[in-house]
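Novice: Can you keep this structure in mind? I'll have questions shortly.
The values are calculated or read from the model by the stated rules, or taken from the named source; none is laboratory data. Bear in mind that the values here come from a model prediction, so they are computed numbers and not experimental data. Please note: Cβ atoms are built from the backbone with ideal geometry, for glycine as well, and neighbour counts cover all protein chains shown.
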Amino acid sequence: MSRQNPGGVKKRDAAARSAEEILKELGVEATRVEVPASEKEVQTILARASKEKLKVLPMGGGTSLGVAVLPEKVDLALDMRGMNSICELDPRNLNIVVEAGKSIKSINQELSQVERGFMLPLDPPRSQEATLGGAYAANMSGPLRHLYGLLRDQVLGVRGVNVEGSQVAFGGITVKNVSGYDLTKFLIGSAGSLCVVTQVALRILPVPEASGVCRIEFPSDSDLEGFLSELRQSVLLPSAVVARWEAGDAVKLLTVALEGHPKAVERQAREIQEMGARHGGSGRILEGRDTFLESLRLAVDPQGEIHRILALKVSVPIAQGLGAAKAVEDLAVRGSLKVDLALLAGNGVFFAYATDQSDQLLREFSKGVRETALRMGGHVLPVWGPRGALEGWGPRIDPAVGRNVVMPIKQSWDPWGVLLPVGL
């Protein structure tokens, strides 16, 4: 495998894993890795790849490549982390334009230093490694979606390069920009199959005056369920609500994140603590922005050796969230698998992190999870995992939508199959 950075001067974070390491973990062999430092270089690379009918894999931090159908071998891996700059920043109008290879963590680090401080409320699992372009391509978000919505709610515009090497752009940096079909949102979740995203324009927000978290341990499922039911019916407005536990462990750790005026945060924290106590919970209140962010990261990030973890994102109706997570927990216990669960309790979404040396056991577990989600009116996506564990997964998107909507666009935009296949 060879590596090229043709004329660019920007480099990815030296602490980040190399493209070669990520590809090895995913079981993908790449003849060559290129690290473009500008959109012009991406245009040149894709134009050449199209002419030579090469297979290209766009990639960032490798934190959500499981949502795509990954081939065993590609001619070229396009490591987008060389494109890691903030192109435009307008604090007054609350918008920003960022290159696709910049990590979400570094975006927020830089925004926090601007004037009184700003933020991009986006926190998918492994956000320290995840790039903005990768989160966009995989439609990933995290606990803060509870208050701030999905990534699609924050995106104003997107720019990319098609397989012919031409620039494509949709939307803009204004909240209202153009009428017609919103392809900015259509491309979210396309998993690198239609074009290579190079820039994303987003809304940003001022950092709230005060931040804090309530961390409450509940001794049983019924105690947690009672608390969540009361919380949903209350007037309290947390930024995030995440329950985390290991399969087979009765104790559930709930993290409730709060932001806003200092007195409002103090009052809500006190009421949540009292509510938790009514349902058998015990815990404490932690204050400060850094503690707030670190608590949410720990609540949703996987633990252990990433290369042996199968990460699944399960989405069900909100009312079914805890029940679906408990059903998945039962699967793990019966299969003697180590599985950590992170439930975004206000959204009906949870992440299941299964660890085992046997790909066969992981495949059987994922099959059971899919059957459970389907039975409860939901669906499952693999986020990442060992190649052997993902074999035979099948469609990532609804087959009817794929055939009738996505495939005609794919055939028009990428007739030679240069980019990743549609997840059918």
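Novice: Take the stretch 105-123 and flag every residue that is among the hydrophobic types (A, V, I, L, M, F, W, C) and assigned to a loop (DSSP other than H, G, I, E, B). Outline the logic, then answer.
Specialist: Kept after step one, since they are among the hydrophobic types (A, V, I, L, M, F, W, C), are these residues of the stretch 105-123: 107, 111, 114, 118-120, 122.
VAL114, LEU120, LEU122, listed by residue number.
Novice: Of all residues in the stretch 77-104, count the ones that are within 19 Å of the chain's Cα centre (by Cα), free of Cβ contacts under 8 Å to residues at least 40 places away in the same chain and outside any helix (DSSP H, G or I).
Specialist: Qualifying residue count, the stretch 77-104: 1.
Novice: So, one more: Does ASN108 count as exposed (fewer than 15 other Cβ atoms within 10 Å of the Cβ) and either modelled with pLDDT under 95 or in the same structural domain as GLY157 (by TED's automatic domain parsing) (or both)? Don't jump to the end; show me each part of the working.
Specialist: On the way: exposed (fewer than 15 other Cβ atoms within 10 Å of the Cβ): no; either modelled with pLDDT under 95 or in the same structural domain as GLY157 (by TED's automatic domain parsing) (or both): yes.
No.
Novice: Restricting to the stretch 163-172, name every residue that is farther than 21 Å from LEU205 by Cβ and not in a loop (DSSP other than H, G, I, E, B).
Specialist: Within the stretch 163-172, GLN167, VAL168, ALA169, PHE170 qualify.
Novice: Go through (1) within 19 Å of the chain's Cα centre (by Cα); (2) surrounded by 22 or more Cβ atoms within 10 Å (Cβ to Cβ) one by one and return the number of the condition GLY346 breaks.
Specialist: With (1) within 19 Å of the chain's Cα centre (by Cα); (2) surrounded by 22 or more Cβ atoms within 10 Å (Cβ to Cβ) applied to GLY346, the lone miss is (2).
Novice: Let me ask something else about it. Determine which member of the set ALA264, ALA250, ALA319 is more than 30 Å from TRP393 (Cβ to Cβ), out of contact with any strand residue (DSSP E or B) (no Cβ under 7 Å at 6 or more places or on another chain), in a helix (DSSP H, G or I) and not β-branched (Val, Ile, Thr).
Specialist: Values: ALA250 fails: in a helix (DSSP H, G or I); ALA319 fails: more than 30 Å from TRP393 (Cβ to Cβ).
Within the list ALA264, ALA250, ALA319, the selection yields ALA264.
Novice: Does the stretch 280-289 contain any residue that is of a type in the set (D, E, K, R), under 29 Å from GLU129 (Cα atoms) and crowded, with 19+ Cβ neighbours inside 10 Å?
Specialist: Filtering the stretch 280-289 down to residues of a type in the set (D, E, K, R) leaves 284, 287, 289.
Within this subset, residues satisfying the condition of being under 29 Å from GLU129 (Cα atoms) are 287, 289.
Restricting the remaining residues to those that are crowded, with 19+ Cβ neighbours inside 10 Å gives none.
For the stretch 280-289, residues of a type in the set (D, E, K, R), under 29 Å from GLU129 (Cα atoms) and crowded, with 19+ Cβ neighbours inside 10 Å: absent.
Novice: Hey, can you tell me all the residues within the stretch 124-162 that are in a loop (DSSP other than H, G, I, E, B) and either outside the structural domain of THR198 (by TED's automatic domain parsing) or in contact with a strand residue (DSSP E or B) (Cβ under 8 Å, 6 or more places away or on another chain) (or both)?
Specialist: Going through the stretch 124-162, the residues in a loop (DSSP other than H, G, I, E, B) turn out to be 124-130, 139-144, 149-150, 154, 162.
Residues satisfying the conditions are PRO125, SER127, GLN128, GLU129, ALA130, MET140, GLY142, PRO143, LEU144, GLN154, ASN162.
Novice: Continuing with this model, one more query. Which of the residues that make up the stretch 23-69 are farther than 21 Å from ILE104 by Cβ, of a type in the set (Gly, Ala, Ser) and either assigned to a helix (DSSP H, G or I) or in contact with a strand residue (DSSP E or B) (Cβ under 6 Å, 6 or more places away or on another chain) (or both)?
Specialist: Selection gives ALA30, ALA47, ALA49, SER50.
Novice: Output the residue which, of all residues in the stretch 247-272 that are farther than 13 Å from SER295 by Cα and touching a Cys at 6+ places or on another chain (Cβ under 7 Å), is surrounded by the most Cβ atoms within 10 Å (Cβ to Cβ). Spell out how you get there, then give the answer.
Specialist: Filtering the stretch 247-272 for residues farther than 13 Å from SER295 by Cα gives 247-252, 259-272.
Those still in the list that are touching a Cys at 6+ places or on another chain (Cβ under 7 Å) too: 269, 272.
Numbers: ALA269: 22, ILE272: 26.
Here the residue is ILE272.
Novice: Any residue in the stretch 291-310 that is within 14 Å of GLN128 (Cβ to Cβ) sitting within a Cβ distance under 6 Å of a residue that is among the aromatic types (Phe, Trp, Tyr)? List the pairs, counting only those 6 or more apart or interchain.
Specialist: The qualifying pairs are PRO302/TYR353.
Novice: Output the helices (runs of 4 or more DSSP H) that fall wholly within the stretch 333-424 and possess 3 or more residues being without any contact (Cβ under 8 Å) to a residue 24 or more places away in the chain and not charged (D, E, K, R), or say none.
Specialist: 407-413
Novice: While we're looking at this one, here's another question. Among the numbered criteria (1) in contact with an Asp or Glu (Cβ under 9 Å, 6 or more places away or on another chain); (2) crowded, with 16+ Cβ neighbours inside 10 Å; (3) not hydrophobic (A, V, I, L, M, F, W, C), which one does GLN303 miss?
Specialist: Against the list (1) in contact with an Asp or Glu (Cβ under 9 Å, 6 or more places away or on another chain); (2) crowded, with 16+ Cβ neighbours inside 10 Å; (3) not hydrophobic (A, V, I, L, M, F, W, C), GLN303 comes up short only on (2).
Novice: Follow-up. Scanning for something closer than 30 Å to MET407 by Cα, buried (at least 20 other Cβ atoms within 10 Å of the Cβ), under 26 Å from the mean Cα position of the chain (by Cα) and small (Gly, Ala, Ser), does the stretch 200-218 turn up at least one residue?
Specialist: yes
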